[in-house]
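The values are calculated or read from the model by the stated rules, or taken from the named source; none is laboratory data. All values derive from a computational prediction rather than experimental measurement. All Cβ positions, even for glycine, are placed from backbone atoms using ideal geometry, and neighbour counts span all protein chains on display. The area values use the complete protein model at the heavy-atom level, side chains included, leaving out ligands, DNA and RNA. Shrake-Rupley method; radii C 1.70, N 1.55, O 1.52, S 1.80 Å.
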Amino acid sequence: MIDNAATTIRVLVVDDQDIVRDGLVTVLSLLDGVSVIGSAGDGRQAIALVAEHRPDVVLMDLRMPVLDGAGATERIVADHPETAVLVLTTFDDDASIAEALRAGARGYLTKDASRDDLAAALRSVARGQATFGSAVTARLLAGWQPEAGSTAAQPDAARPAPADPRLAQLTGREREVFRLIGVGRNNAEIADELFVSVATVKTHINNLFAKLGVRDRAQAVALAGRLLPGM
């Protein structure tokens, strides 16, 4: 995670289309405070390059051969929680957004985003904050309402209440940490229970605090009581 706004953000670009990938590398290379450390054409290449170069941010496409963006994101976030994944894709449907967020992406933009939007999103996710394009934000705030023509035709009383959209942003491991915080575990206890280091636990906590919009552990405990009934 980048703590100093003046620190250069090291970015890996992942997209299976050569023209798009090269264009993104060119655009990012012109941004102040951004350094492109490499590019990949599929998720498997991305995982290898993250392990080799440890970038601050991976700019990730979703639909790719060999291994798609969601699969690569899940592996990267699990193995390198200090690296943020920012999805940049042409798809803004509920299924694609949910898939990316569940895999652990910290941000989600569509490819019609401006250069300024992209620069701001890179800085935001590098600082540990979640960031979304306007269309994605609208869907999150709507609580993953179904598309027209699906279960939208059901009466309101027959539909299950939508889950809090903040939970959809958490990876499986972040949700485990959130649950353990909610039942009063400290960092060392969480590390022992999940068989990870205390440093990894701290990284997960920083990430989930940013995604949930809480400032401290007390707020996290209170929020867990509301969002995770039956912990």
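Here are some notes:
- Residue (of 110, 34, 96) at the positive-pole extreme of region 1-130, dipole from beta-carbon charges: 34
- Heavy-atom accessible area with a 1.4 Å probe sorts 110, 7, largest first, into 7, 110.
- A simple rule links phi to the HN-Hα coupling: the Karplus curve 6.51 cos²θ - 1.76 cosθ + 1.60 with θ = phi - 60°, which for region 97-108 gives 4, 4, 4, 5, 5, 5, 6, x, 4, 8, x, 8 Hz, with x for Gly and Pro.
- Inter-site label distance for residue 221 and residue 95 at 7 Å from Cα along Cβ, in nm: 4.2
- Stretch gain in nm, segment residue 82-residue 192, where the contour uses 0.36 nm per residue and the Cα spacing is subtracted: 37.6 nm
- Anisotropy class of region 160-218 from Cα gyration tensor, a/c 1.5 cut: prolate
- Whole-Å distance, taken between Cα centres, linking region 78-137 and region 181-214: 22
- Tensor-based shape of region 1-73 (alpha-carbon gyration tensor, a/c under 1.5 rounded, otherwise prolate or oblate): oblate
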